[in-house]
1. Test residue 197 against the stated conditions and say whether it is at pLDDT 85 or above and of a type outside the set (S, T, N, Q).
2. Restrict the check to the range 256-271 and report whether at least one residue is of a type in the set (Ser, Thr, Tyr), surrounded by fewer than 16 Cβ atoms within 10 Å (Cβ to Cβ), more than 18 Å from the chain's Cα centre (by Cα) and not in a loop (DSSP other than H, G, I, E, B).
3. Would you mention how many residues in the range 1-49 are under 20 Å from residue 221 (Cβ atoms), in a helix (DSSP H, G or I) and either within 14 Å of the chain's Cα centre (by Cα) or touching a residue at least 60 places away in the same chain (Cβ under 8 Å) (or both)?
4. Looking at the range 278-292, which of the residues that are assigned to a helix (DSSP H, G or I) and modelled with pLDDT under 80 is surrounded by the fewest Cβ atoms within 10 Å (Cβ to Cβ)?
5. Would you mind telling me which numbered condition in (1) free of Cβ contacts under 8 Å to residues at least 24 places away in the same chain; (2) buried (at least 22 other Cβ atoms within 10 Å of the Cβ) residue 199 fails?
6. Check whether at least one residue in the range 85-95 is of a type in the set (Ser, Thr, Tyr), crowded, with 22+ Cβ neighbours inside 10 Å and touching a Gly at 6+ places or on another chain (Cβ under 7 Å), and report yes or no.
7. So for the range 231-244 (the condition being at pLDDT below 80 and of a type in the set (D, E, K, R)), does at least one residue qualify?
8. Looking at residue 226, is it at pLDDT below 85 and part of a helix (DSSP H, G or I)?
Amino acid sequence: MWWGVGAALLANVLYSVGFVLEKRALRNLPALSTRRPLRILVVLLTSPLWIAGSLALAAGFAAQLVVYRALPIAAAQGIFVSGLVLLLLLSSAVLGEQASGRERYALGGVLVALLMVVASVREGDDVVSSGAPWPLVLVVCVPTLTAGVWLYGRVEQRARKRHRVPTSGIGYGVAVGLLYGVSSLAIKGASSRLTTADLGDAARSLFASPYPYLLLFTAVAGLVMSQAALQRCRASLIVPVCTTVTCLFTAVLGTLTFGETLPDDPLLLTLRVAGTALALSVLLAMPRHDPQP
């Protein structure tokens, strides 16, 4: 169990470093538009710094496979939210982005939420799911993907209006967070298929499921959407919003979809539920708009 916690914390470091490197690289690249997705890919691949950031993110996804083999979904998401702490510190030190008062309060709330969720995990008490019916997974994932793409399009339309109040990126973060929530469920499902020592059997089992195809779609769409949004908005705000939405979506719907149970002990149950609810307050505490320049 504790090596699962260690893998989750390692994933947090990789994600935070990856996002900060990508944001740093995006500052020196031409303006990106989701209307030209192929151009986005071409432009991004010309930046060695952006490639380094994307490799760090890919390593974080690999660490997630280990996490979902060792920890229940709800507990894993509570630990993943702790990555917001390092992200805000790095964005301040490397990118010069300063957090507002409400964002600093939210940072403290994340630390408390992390401690509560980790304290609710008891080795041997939590059962890690070995899989879920893939039709149920599609029923959860397909509407979520549709909602995420639709919301992103709405935010894009509003951003092109004249005399608008500068957006802080909340809408972008929620939309991308929904896509990455689906990706997180797909990673959980893929990890449950990789249980045999025979690589051929494992590959056949994996590609007979919807998980690799969900991962492919969320990887491509998430890349295009997240990089355009990250170029326009502060990493110290859009990434925490995205992370919070992803973790809450995965913790709630992932637990139900994969049939994992919450702790029976009332104290542990209270810690886990309250910690997840406190993480939600991070999203609610974020300002919706940046100050006028």
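1. no
2. Looking for residues that are of a type in the set (Ser, Thr, Tyr), surrounded by fewer than 16 Cβ atoms within 10 Å (Cβ to Cβ), more than 18 Å from the chain's Cα centre (by Cα) and not in a loop (DSSP other than H, G, I, E, B), one finds at least one in the range 256-271, hence yes.
3. Total satisfying the criteria: 10.
4. 284
5. Only one criterion in (1) free of Cβ contacts under 8 Å to residues at least 24 places away in the same chain; (2) buried (at least 22 other Cβ atoms within 10 Å of the Cβ) is unmet by residue 199, namely (2).
6. no
7. So far as the range 231-244 goes, no, none of its residues is at pLDDT below 80 and of a type in the set (D, E, K, R).
8. no
The values are calculated or read from the model by the stated rules, or taken from the named source; none is laboratory data. All of these numbers come straight from a predicted model, not from anything done at the bench. Counting neighbours? That spans all protein chains shown, and the Cβs are built from the backbone with ideal geometry, glycine included.
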